[in-house]
Amino acid sequence: MTVECLKSSMLRIERYFGKELSTDERTARAEVYAAALKEIPDDVVSTALLKALTVCRYQNQLLVDWCAEIRKIQDIGRPTANDLWNDAAVAARKIEANLYYMHIGSLITVDGKLNRDDLKRRNAEIFAALPVAVQRWAGSPEDLSDIFSSRSTADLRQFVRPGFDRTVQDAPVESLQSPALPGGAAPAQIGGGTT
């Protein structure tokens, strides 16, 4: 949040509540707001403030409501845990198939024969296409395959999925996005990213 945004937000807050603050009170609130919202872009701060003012009853409660509205805005671009779980399951099945062909020696495709190194490279590419938070949760391509292939659907749902959901919930939004494509091109994002 820039200084200009902070000043306009402070003015908007004072006008809304109809209570002019003393210089000391204004300085203290500005310092608290600046510390709490320093990493948030101005457009998100302004939009969230307007929404927070519609639900806030007491000026002393404003920062809590303001931060809650900021979280709601930031979570719009956040993929759901269910989407990430499905992506991990699909990747695990692909990796498992490649591991099978690595075990038997090779795979013959229309493009030619894929040896163990080619299949290992494909597994690394499949794993690298997953968001960073999912990669950290799984550990490696082999571990991801093992998680999904060695357990029943009921075990996955009851014992594995809760830990996955906690990991995804606690992860920052940036680590839930798909990694950049080769050559520096970023993947398309619905709703845009943060600046």
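Annotations for the structure displayed:
- Net charge contributed by nearby residues that have their C-beta within less than 13 Å of Thr47 (K/R +1, D/E -1): +1
- The coefficient of translational diffusion for segment 55-115, derived via Stokes-Einstein from the alpha carbon Kirkwood radius under 4 °C and 1.567 mPa s, stands at 81 µm²/s.
- Straight-line cross-link partners of Lys19 among the lysines, defined as a Cα under 27 Å from its Cα and at least 8 positions apart when in the same chain: Lys7, Lys38, Lys51.
- Three-way shape call for segment 130-173 based on the alpha-carbon gyration tensor, with the a/c threshold at 1.5: oblate
- Calculated accessible area for the chain comes out at 64 Å² per residue, all protein chains present (probe 1.4 Å; ligands, DNA, RNA ignored).
- When the GluC sites (Glu not before Pro) in segment 40-147 are filtered for DSSP coil states and for at most 12 other beta-carbon atoms within 10 Å of their beta-carbon, no site remains.
- Applying both filters, DSSP loop and at most 15 other Cβ atoms within 10 Å, to the trypsin sites (Lys or Arg not before Pro) of segment 23-115 gives Lys38, Arg57.
- By the compact-protein rule of thumb, 2.2 N^0.38 Å, the alpha-carbon radius of gyration of segment 18-76 corresponds to a ratio of 1.13.
- Loop-located trypsin sites (Lys or Arg not before Pro) in segment 117-159, at most 15 other Cβ atoms within 10 Å (DSSP): Arg151
- The chain - percent of accessible surface contributed by carbon and sulfur, probe 1.4 Å: 52
- At 0.890 mPa s and 25 °C, Stokes diffusion of the chain via Kirkwood alpha-carbon radius, µm² per second: 121
- Computed over the Cα atoms of segment 1-111, the ratio of the radius of gyration to the Kirkwood radius (Rg/Rh) comes to 1.40.
- Annotation: amide H of Leu114 within the under-5 Å range of Leu107, Ile108, Thr109, sequence separation 5 or more or interchain, hydrogens built in the peptide plane.
The values are calculated or read from the model by the stated rules, or taken from the named source; none is laboratory data. This structure is a prediction, so every number in the text was calculated from the model and none was measured. In this analysis, Cβ positions are derived from the backbone assuming ideal geometry, glycine residues included, and neighbour counts consider all displayed protein chains. With ligands, DNA and RNA removed, areas are computed over all heavy atoms of the protein, side chains included. Shrake-Rupley method; radii C 1.70, N 1.55, O 1.52, S 1.80 Å.
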